[in-house]
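In what follows, a single structure is set out as structure tokens and then discussed.
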Amino acid sequence: MAELLDRFPRVRLAHLPTPLELLANFSKALGGPDIWIKRDDCTGFALGGNKVRKLEFLIAEAESQGATTIVTAGGTQSNHVRQTAAAASRRGMGCQCILERVRTDDLYETNGNALLDHLFGAVPRFIDKDADMDAAMAALSHELTAAGEMVYVVPVGGSNALGALGYVDCAFEMARQFRDQGLHPGLIVQASGSAGTQAGLLVGLALAGLEVPVIGMCVSRSGDLQQQKVSALVGDVCRFIGRADLADVIAVNCDGAYVGAGYGVETPAMADAVRMLARTEGIFLDPVYTGKAMAGLIDYARAGKLKETGPVVFLHTGGTPALFVYPGIADS
Ligand SMILES: *Cc1c(COP(=O)(O)O)cnc(C)c1O
């Protein structure tokens with residue numbers, strides 16, 4: 001199973017395996033079931049998060065192509081851009097990034113991930129909210145190539161078939177931990193955005209023969225649209241690894257009920273979830289992704305939807321630096 005990934009070049013960046021821990025206090029406060037947490041906020045590199053796993057494969061491909069500059073894109077407070085900028089620094093490449101102006105207040109553009117991008121020496125280029133990021137990356141790449149750079153484009157969120165292999169590997173890692181720790185989870189819950197994490201995880205679980213369902217809590221679009229996006233990428237990943245047959249047996253579940261007004265916009269349930277985990281376990285969630293995903297999990301538990309499920313694993317995908325641009329989150 002793990003040999004499947006051996007044929008893809010990989011640059012080691014993450015501290016692996018990340019821990020799988022029981023949230024004893026949180027589970028009790030929730031009134032059950034047992035909630036476990038897979039600590040991918042602890043991938044270690046540049047404050048951690050899920051993009052590090054994808055970048056191990058993407059940056060290796062960039063190097064094999066002789067890249068001198070990485071181009072990528074995301075929102076102003078993108079965790080993906082921060083981790084990509086750090087990976088470029090580590091491997092001696094430049095990083096230029098397209099940042100979508102999600103919000104324009106000063107703190108948002110100067111603190112959190114934006115501050116760290118700057119620290120890694122990444123060169124930002126801002127575009128308007130809802131402008132075409134792929135077109136902006138193509139234009140930037142064109143300019144850099146004309147200036148003599150060898151450009152490698154990392155897609156938004158690192159979410160193509162190659163990047164998703166990072167989460168195929170994470171699924172293998174979780175399968176080993178479930179076995180070693182005697183855990184039989186009935187559900188995995190995660191935040192789902194650019195879809196590479198959920199798609200990779202689903203393919204990896206299928207390859208490992210684990211039939212545990214995964215719910216992707218949406219952070220930027222409706223459940224239907226997210227389901228289409230994840231399903232398309234599941235198909236890409238399956239073809240990419242030569243297992244097109246698998247795509248038909250993989251069930252994709254997304255829930256759009258906890259997005260609120262849109263990407264990066266606070267919801268009261270998100271803030272409650274962030275405070276609840278901080279105050280019961282001393283663990284940070286983030287306002288954009290994991291806070292909303294955990295709000296979904298809390299709502300499921302309180303609505304009685306998890307009574308028959310058994311233990312639930314929450315995949316913590318990181319995002320800590322964004323907390324510093326949402327200072328109101330600690331109130332109440
Ligand atoms: C990018 C990100 C996600 C979503 O992962 P995708 O692979 O883009 O769906 C979740 N949580 C955090 C903190 C992220 O930065």
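Every read-out reported here was derived from the displayed coordinates using simple, explicitly stated rules and does not represent laboratory data. Predicted, not measured: the structure shown is a model, and the values here were computed from it. Because the Cβ atoms are built from the backbone with ideal geometry, glycine has one as well, and the counts that use them run over all protein chains shown.
Remarks
- An ellipsoid equivalent to the stretch 1-91, defined through the eigenvalues of its Cα gyration tensor, has semi-axes of 31, 17, 10 Å when rounded to whole angstrom and sorted largest first.
- For the stretch 254-315, the list of GluC sites (Glu not before Pro) that fall in a loop by DSSP and count at most 15 other C-beta atoms within 10 angstrom reads Glu308.
- Listed residues Met133, Met217, Met294, most fluctuating in the chain (Gaussian network, C-alpha, under 10 Å): Met133
- Burial ranking of peptide ranges 149-155, 194-200, 208-214 (average Cβ count within 10 Å, highest at the top): 194-200, 149-155, 208-214
- Counted charge near His316, where neighbours are those whose Cβ lies closer than 12 Å (Asp, Glu -1; Lys, Arg +1): -3
- Local electrostatic count, Val102, Cβ distance below 11 Å [Lys/Arg +1, Asp/Glu -1]: -2
- Taking each of Lys28/Lys305; Lys229/Lys307; Lys229/Lys305 in turn, the alpha-carbon distance tops 19 angstrom for Lys229/Lys307; Lys229/Lys305.
- For a modelled paramagnetic label at Arg91, 7 Å from Cα along Cα-to-Cβ, the residues of the stretch 38-54 in reach, with backbone nitrogen under 20 Å, are 43-54.
- Span-like helix check, the chain: qualifying full DSSP H segments, with Cα axial length of 24 Å or more and mean Kyte-Doolittle of -0.5 or more, are 161-180, 223-240.
- Of Val156, Gly200, Ile70, farthest towards positive along the dipole that unit charges on Lys, Arg, Asp, Glu beta carbons give the chain: Gly200
- Here the Gaussian network model covers the chain, with springs between Cα atoms less than 10 Å apart; of Leu30, Leu315, Leu201, Leu30 fluctuates the most.
- Candidate lysines - alpha carbon under 16 Å from Lys51, same-chain residues fewer than 8 apart omitted: Lys38
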